[in-house]
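Scroll down for the structure; my scribbles are underneath it.
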Amino acid sequence: MSGTYLGMPAFPAAAASSTQDTRLRANLRHATHTIRDKRAKAVAELDDWARLRAAGAAVKDRTLRHLDHYLERLEESVTAAGGRVYWAADAAEANAIVARLVRETGEREVVKIKSMATQETGLNRALAEAGISAYETDLAELIVQLGDDLPSHILVPAIHRNRGEIRDIFRERMGRWGRPAPEGLSDSPSELAEAARLHLREKFLNAKVGVSGANFMVAETGTLVVVESEGNGRMCLTLPETLISVVGIEKVVPTWQDLEIFLQLLPRSSTAERMNPYTSMWTGTTDGDGPRAFHLVLLDNGRTDTLADTVGRQALRCIRCSACLNVCPVYERAGGHAYGSPYPGPIGAILTPQLRGTGSELDASLPYASSLCGACYEVCPVAIDIPEVLVHLRERVVQGGPVTRRGVKTVVRPARGHAAERAAMRAAGFAFGHPGVLRAGQRLAARTRRLHPRRLPGPGRAWSDSRDLPAVPAESFRDWWRRTRGEEQGT
């Protein structure tokens, strides 16, 4: 990734602030509960949902095991269809490629369809530094851009805003970017949508260059797929003369038959719809129809390093449905900005530290941004075991160990601030490995239980600030078993 969001503190500090914002929490609670309730009903309609989920996970795992083969096949297919393919090792290289391609057209403005990959690379900022203006056309992304804000949700980037806030943003900022908001604009959804439509129409009709991502890439045909609900994306994909797509290398699927699985999984998991209102597909260029030039930038930016981790690689199955965010109790209370990444919520807590590493205080804190309740795994349409990866990454933060960085195997040092945790784990490991020591410790804890504090001192204070220490029983299970059954069992 291009780095953490500028000035973002570690997750605990950011969450301590955001959880005090009552309006933010009300917005998040209303939105996430509405989406997840609708999703549950949509999923329940399919008797074979569990089999679809397993099939999606299997296709993703097979593709990741042979990713080199499918990417080369994709490049061949895109090139044969009239497109050009570029390989970007990191965010800086991807941004430089896009900026060069735009400059070669002679244009200084681009319209953009919503794209997580370009948020990840910081493309808008990079284009601005190159003298190129990028205009977001997804309604929620437009709200975020006009408000000089950051997205806080994968599916609904402006989920933290209510209608009144959006009305104020349109009134105050829309005129600076193009057509101003109508006089007397209210917070009626229909009026807000109409204001956005009129504003964006000018951008669509004048734009010569479009920038997109893609939800899927089909290796056998070189076809790219974008699914959306508004139709603005289709305008970006069809009206400009030049289309540039920046896509993570993990988005490839082998065949059209494989694609069919995900076109069932994604809409029900994200928008709770049986199918997407707009599913746009394009294969290279076609005379007299759509853009005359198509460029595909394949983005690595830490993905092959993630692929080298046999536990963490399952994060690359993600199809960006956001179902895990909508059921996560931590996300619901802290909001997306606290994660300091374009990828918030449970998936961000496992994906970001792998793409960026755990060297910064923020990234080292993300694996702890979870209660490990497992709700995210239950709703994931491709069965990513997020709690398993969280625990795996916590071990890396505390213990350090071997990782792959930019294709080179290396050993990372433990993150700072976890010395007490490492000491506690070593002591626990020693005790569990020596039954006599464990038994003596249990008996000592039972005999001194009346002296135990309700809060931990020192480094343990952060844990017990929001929890009571569990009461120690008067007798351990081992001693109870020996007392009640040990003699008759002969033990």
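The values are calculated or read from the model by the stated rules, or taken from the named source; none is laboratory data. Note that the structure is predicted; figures quoted are calculated from it, not measured. Please note: Cβ atoms are built from the backbone with ideal geometry, for glycine as well, and neighbour counts cover all protein chains shown. When the accessible area is computed, the model is the full protein with side chains, heavy atoms only, and any ligands, DNA or RNA have been set aside. Shrake-Rupley method; radii C 1.70, N 1.55, O 1.52, S 1.80 Å.
Things worth noting here:
- All conditions in (1) within 26 Å of the chain's Cα centre (by Cα); (2) open to solvent by 60 Å² or more (accessible area, probe 1.4 Å) hold for Val412, with the sole exception of (2).
- A Cβ distance below 6 Å, combined with a sequence gap of six or more or placement on separate chains, defines the contacts here; from region 290-312, residues that are in contact (Cβ under 8 Å) with a residue 12 or more places away in the chain reach residues that are among the acidic types (Asp, Glu) and open to solvent by less than 20 Å² (accessible area, probe 1.4 Å) in the pairs Arg303/Glu250.
- Tally of residues being free of Cβ contacts under 8 Å to residues at least 60 places away in the same chain, of a type in the set (A, V, I, L, M, F, W, C) and either touching a Lys or Arg at 6+ places or on another chain (Cβ under 8 Å) or at positive phi (or both) across region 317-361: 0
- Some residue of region 106-114 being farther than 22 Å from Arg292 by Cβ and modelled with pLDDT under 95: yes
- The set of residues in region 260-284 that are open to solvent by 30 Å² or more (accessible area, probe 1.4 Å), polar (S, T, N, Q) and under 30 Å from Glu76 (Cβ atoms) comprises Gln264, Thr279, Thr283.
- Considering only residues in region 389-398 that are buried (at least 16 other Cβ atoms within 10 Å of the Cβ) and not hydrophobic (A, V, I, L, M, F, W, C), the one that is farthest from Glu421 (Cα to Cα) turns out to be His392.
- Candidate set: region 41-60, residues that are open to solvent by 50 Å² or more (accessible area, probe 1.4 Å), in contact (Cβ under 8 Å) with a residue 12 or more places away in the chain and part of a helix (DSSP H, G or I); chosen: the one farthest from Ala323 (Cα to Cα): Ala54
- Test: residue in region 285-299 that is surrounded by fewer than 24 Cβ atoms within 10 Å (Cβ to Cβ) and under 30 Å from Arg36 (Cβ atoms): no
- Arg461 fulfils the conditions (1) in contact with a Lys or Arg (Cβ under 7 Å, 6 or more places away or on another chain); (2) on the phi > 0 side of the Ramachandran plot except for a single criterion, (2).
- Options Pro346, Pro381, Pro342; residue that is in a helix (DSSP H, G or I) and not acidic (Asp, Glu): Pro346
- Per-region count, region 79-104, residues β-branched (Val, Ile, Thr), in a helix (DSSP H, G or I) and under 14 Å from Ile249 (Cα atoms): 0
- Matching entry among Ala293, Ala272, Ala323 (being of a type outside the set (Val, Ile, Thr), over 25 Å from Ala415 (Cα atoms) and modelled with pLDDT under 95): Ala272
- Considering only residues in region 428-471 that are under 37 Å from the mean Cα position of the chain (by Cα) and hydroxyl-bearing (Ser, Thr, Tyr), the one that is most open to solvent (accessible area, probe 1.4 Å) turns out to be Ser466.
- Residue pairs meeting the criteria (Cβ under 6 Å; at least 6 apart or on separate chains; first farther than 17 Å from Arg303 by Cα and open to solvent by less than 90 Å² (accessible area, probe 1.4 Å), in region 63-88; second of a type in the set (Asp, Glu) and at pLDDT 95 or above): Val85/Glu75
- Restricting region 106-123 to residues that are touching a residue at least 12 places away in the same chain (Cβ under 8 Å) and over 19 Å from the mean Cα position of the chain (by Cα), the residue that is most open to solvent (accessible area, probe 1.4 Å) is Arg108.
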